[in-house]
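The values are calculated or read from the model by the stated rules, or taken from the named source; none is laboratory data. It should be emphasised that the depicted structure is a prediction, and the values quoted were computed from it without experimental measurement. Note: ideal-geometry Cβ built from the backbone for every residue, glycine included; neighbour counts use all protein chains shown.
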Amino acid sequence: MEHVVLNPNKLTPLHKMDLAITSYNIEMTEVTGGTFWRAFTPGQVAGKEPISSAGLNDREHMMQLFPPINLKEPRIRTLGKALGPVWVRVSGTWATSTYYDFDGHTNGIAPHGYQSVMTKEQWDGVLDYVREIGGKLLVSVANCEGTHNEDGTWNPEQARMLFSYSREYGVPISAAEFMNEPNLLSMSGAPKGYGLNDFCRDQDAFFTLLKEEFPQTLLVGPAATCDKDESQGEKAAVLDTLPIIATKDILAKCKIKPEIFSYHYYNGVSERGASMGGHWDAGEATTEEYLKGAANTCGIYLPLRDEFCPRTPIWVTESGAAACGGNSWDSTYLDVIRTANELGVFSTLTEGIIFHNTFASSDYGLLDPITHLPRPNYWIFLLWSRLMGQTVYDTHEPLREGVHLFAHSRRDQKDGIAYLLVNNSKSEKTYVQLSGNAEIYLLDAPFMRSTDIYLNGEKLEMADDLTMPKLTARQHTGSQLEIAPGAITFILTETDIRL
């Protein structure tokens with residue numbers, strides 16, 4: 001068992017955090033409708049049915065067809081607004097080959113060189129949703145065969161139309177990446193034979209367009225992924241099989257540097273792609289080795305940010321437990337431990353935003369893609385956004401099994417500290433020594449792969465009439481608090497000490 005003392009005099013201020021850290025992706029294929037990762041069965045989610053790993057070459061068994069998302073649905077609007085005015089990213093691999101047809105001339109048939117079509121009505125739905133939640137919009141644009149001129153250069157007309165229309169609609173695109181995951185050009189929808197020099201030339205052209213015609217749009221990039229983390233050993237073996245372009249080479253070659261540095265973080269590969277390597281078993285999902293993934297990945301990109309884009313914020317523009325649509329347990333309480341730890345660790349390392357992938361699609365979605373009811377990870381996002389304030393502190397407590405402790409100012413701006421303690425032990429309690437009264441928000445579940453989550457013993461769920469549950473604290477008056485194995489606890493203290 002572990003013991004930890006909460007003493008505000010031990011805390012050291014680090015920096016101010018972006019309060020929109022709990023942002024998310026709405027995949028372009030959700031907007032247009034199309035193929036996305038096939039859902040796991042309830043038995044597979046519970047860990048009771050086997051899952052075959054056919055690999056990425058057998059996409060027929062890995063994908064299924066989904067209709068366009070209705071962002072006007074009251075349940076989606078209510079849950080989105082509850083998370084606050086965050087950033088919404090519309091991107092993904094599918095965005096790289098989507099044609100924008102705002103006058104209906106294609107009749108839904110993708111022109112040569114494109115894979116899908118987005119209508120005016122579908123984009124209006126995105127803009128209306130972003131306006132409804134008071135959010136801001138980040139996009140990537142098409143960079144497929146159809147967007148290129150005869151001489152091979154990128155044609156800006158489709159992008160110009162998207163940005164102009166959005167601005168005229170009253171919901172301007174506030175930030176943009178050129179394309180999704182340029183490290184993997186051969187897998188990201190770029191033209192055949194398209195390489196590093198082509199990408200850097202075209203991203204410079206795109207950023208020039210934005211600087212000249214849409215100067216309020218933040219330049220974000222390079223949406224990096226798959227740069228190798230040697231500390232993961234055999235778990236990084238999947239990277240040896242992929243045609244990866246180093247992020248350092250991209251940043252060195254591009255003339256116009258991003259104003260926001262972006263990368264993607266997945267702890268591994270889901271069961272769908274486990275044959276490639278890089279998959280973690282559910283039994284490893286609370287281990288120290290597994291939870292180090294967030295810090296290790298940030299550790300890859302922080303030096304690159306400092307070298308090429310010094311003093312710019314870092315955005316994790318895609319984040320989740322596993323690539324290829326998420327693990328079978330990502331829709332359960334088990335993944336909340338990873339998510340809570342990621343929010344805490346990232347906040348201590350740098351200033352920026354995490355875009356959870358996704359809001360309402362596949363097994364890593366915050367919402368179920370069919371019912372649009374919130375999954376366990378939605379509630380950790382909601383509680384974080386309600387409780388954890390802007391100032392981040394160093395707790396000087398080493399991360400260890402049973403004690404992943406993070407500290408912020410209180411979101412309600414009262415004098416005091418908002419702590420987050422993740423007990424990732426499967427068997428041992430953690431004991432917390434308090435110096436005074438505290439408000440306790442304890443999250444747990446009946447079992448780790450439960451699709452239900454409880455707050456202070458009450459199940460968190462949205463009512464049929466769209467009523468959200470009250471996130472009520474339990475008042476603690478003793479000097480010691482006991483945290484059960486696998487529990488996640490927000491502890492709000494009050495103090496007159498001005499840190």
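One table, with the values for the structure above:
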| quantity | calculated |
| --- | --- |
| Condition met for Thr41 (hydroxyl-bearing (Ser, Thr, Tyr) and in contact (Cβ under 8 Å) with a residue 40 or more places away in the chain) | no |
| Any hit, the range 42-61, residues being under 24 Å from Gly273 (Cβ atoms), part of a helix (DSSP H, G or I), acidic (Asp, Glu) and within 19 Å of the chain's Cα centre (by Cα) | no |
| Filter result for Asp330 (acidic (Asp, Glu) and more than 26 Å from Ser174 (Cα to Cα)) | yes |
| Glu351 being assigned by TED's automatic domain parsing to the domain that holds Thr287, acidic (Asp, Glu) and touching a Pro at 6+ places or on another chain (Cβ under 7 Å) | yes |
| Scan of the range 208-243 for residues that are touching a helix residue (DSSP H, G or I) at 6+ places or on another chain (Cβ under 6 Å), at pLDDT 80 or above, surrounded by fewer than 20 Cβ atoms within 10 Å (Cβ to Cβ) and closer than 26 Å to Asn155 by Cα, ordered by number | Phe214 |
| Breaking point among (1) modelled with pLDDT under 95; (2) polar (S, T, N, Q); (3) buried (at least 24 other Cβ atoms within 10 Å of the Cβ), for Thr317 | (1) |
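Here's the yes/no breakdown for (1) more than 21 Å from Thr358 (Cβ to Cβ); (2) touching a Ser or Thr at 6+ places or on another chain (Cβ under 8 Å):
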site: Glu73; (1), (2): no, no
site: Gly84; (1), (2): no, yes
site: Gly92; (1), (2): no, yes
site: Gly104; (1), (2): yes, yes
site: Gln122; (1), (2): no, yes
site: Val130; (1), (2): no, no
site: Leu138; (1), (2): no, yes
